[in-house]
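One structure below.
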Amino acid sequence: IVVVLAAIIVPLYFTRTAAIAVVRRNFKGYFSNPTGYVFLCVFVLFTSFAAFWPHQFFNANLANLNHLNQFLPLIMLIYIPAITMSIWSEEKREKTDELLLTLPAHDFDIVIGKFLAAALIFTVSLLFSQISNFLVLASLARTPATYIVDLDTGLLTTNYFGYWLIGLSMLSLGMVASFLTRNATIAFVFGLAFNIPLVAAASADVIAQSSQIAQIISRWGIYSQFDDFQRGILSLSSTMYFCMIISIGLYLCMVLIGKRHWSGGKDGASLWWHYLVRTVALVVAMLSLTIVFNQHDLVRFDTTRGKVSSLSDDSRKLIADLDPEHPVYIEAFISSEVTKEYVKTRYDLISMLKEFGSHEDI
């Protein structure tokens, strides 16, 4: 996460000094009062409770973050709008937006600066959460006699990288909400409303009349796209999904901040349609790329110890040699609860079946 952020910020430091100035201003402003530290502590506390408070964690006897994976999008549904609600609405309320817009900077500098500042705030919170949960897992997974810690660090790291991508995608939509109003409370509600569909897509079967429609909606939700990261797989398709949301959110912010140049002119009405068409074209293009990568996942890297979440080369060769006229069907009936001896077996079996399902030849 730190390497990716550095790869983005370092070039901006030498080419976009105005953007870096906006990053510093917003990042320092967030932690210049106790509210920022309170939000950080609350986030770490909630993620720790979600990971270890449920009794299923100790019943399962697995040193992973499965329970946090279920609750983290819900936690971020509240935490992310709390970060973004004042990004622009506060500027409007205090009339500092006019001063900011008179700086010798492009609209891109302001938007990317505010986004990176919010990303840094979220990253700091996430790193504290990662350190806290890692220490707890290490203490629980330590063998008393030998003091050897049996942790799959690749799996845990990939989980948190997935959390980071979820957070960045929610931040981009939360920024759009903040650009729409000068009231921070309304910006929080809008940010919540914009991100709810991404989280609620997993429960599409509750309202969808057709199971096929429910599956399609669910596939475009955060939980479904996070599944690869949850199993320790770095996949291009899932990464592309979150990049799509980030790109669309930032472009909408660019349109909203730039409308001051043309919305009041004689061509304002036509330019609204112009930017609407451009936004729709961007959405269609990004959706198309995401669909292509979902169907042809060019990169799938298994970070787990022992590569337990991926197919071996022999298995892939066996699948490729199967006769399409004689398909092989796999039916698995798995109980939601099993005894402690079979918890790990159940987890590995479900992960393997999902990997079979993601293989393009199946």
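Regarding Val44, is this residue open to solvent by less than 30 Å² (accessible area, probe 1.4 Å), in a helix (DSSP H, G or I), on the phi < 0 side of the Ramachandran plot and touching an Asp or Glu at 6+ places or on another chain (Cβ under 9 Å)?
Details: open to solvent by less than 30 Å² (accessible area, probe 1.4 Å): yes; in a helix (DSSP H, G or I): yes; on the phi < 0 side of the Ramachandran plot: yes; touching an Asp or Glu at 6+ places or on another chain (Cβ under 9 Å): no.
Judged against the criteria, Val44 is not a match.
The sole residue among Ile334, Ile330 that is loosely packed, with under 12 Cβ neighbours inside 10 Å, touching a residue at least 12 places away in the same chain (Cβ under 8 Å), in a loop (DSSP other than H, G, I, E, B) and touching a Lys or Arg at 6+ places or on another chain (Cβ under 7 Å) is Ile334.
Which condition breaks for Gly154 when tested against (1) open to solvent by 10 Å² or more (accessible area, probe 1.4 Å); (2) without any contact (Cβ under 8 Å) to a residue 60 or more places away in the chain? The failed condition is (2).
Scanning the stretch 293-303 turns up one or more residues that are open to solvent by less than 60 Å² (accessible area, probe 1.4 Å), more than 27 Å from Phe58 (Cβ to Cβ) and part of a loop (DSSP other than H, G, I, E, B). When Arg24 is tested against the conditions (1) under 18 Å from the mean Cα position of the chain (by Cα); (2) open to solvent by 30 Å² or more (accessible area, probe 1.4 Å); (3) more than 24 Å from Asp348 (Cα to Cα), the lone failure is (1). The criterion of being of a type in the set (D, E, K, R) and under 20 Å from Met244 (Cβ atoms) does not hold for Arg346.
When we screen His261, His274 for residues that are under 25 Å from Leu101 (Cβ atoms), open to solvent by 60 Å² or more (accessible area, probe 1.4 Å) and over 32 Å from the mean Cα position of the chain (by Cα), the only hit is His261.
Gly167 passes every criterion in (1) part of a loop (DSSP other than H, G, I, E, B); (2) in contact with a Phe, Trp or Tyr (Cβ under 7 Å, 6 or more places away or on another chain) apart from (1). In the set (1) more than 24 Å from Phe226 (Cα to Cα); (2) modelled with pLDDT under 90; (3) surrounded by fewer than 22 Cβ atoms within 10 Å (Cβ to Cβ), Val136 fails one condition alone, (1).
Taken as a whole, the stretch 172-181 holds no residue that is open to solvent by 70 Å² or more (accessible area, probe 1.4 Å), in a loop (DSSP other than H, G, I, E, B) and free of Cβ contacts under 8 Å to residues at least 24 places away in the same chain.
The values are calculated or read from the model by the stated rules, or taken from the named source; none is laboratory data. Because the structure is a prediction, the values reported are computed rather than measured. Here the Cβ is made from the backbone with ideal geometry for all residues, glycine too, and neighbour counts use every protein chain on show. In case anyone asks, the SASA skips ligands and DNA or RNA and just uses the protein heavy atoms, side chains included. Shrake-Rupley method; radii C 1.70, N 1.55, O 1.52, S 1.80 Å.
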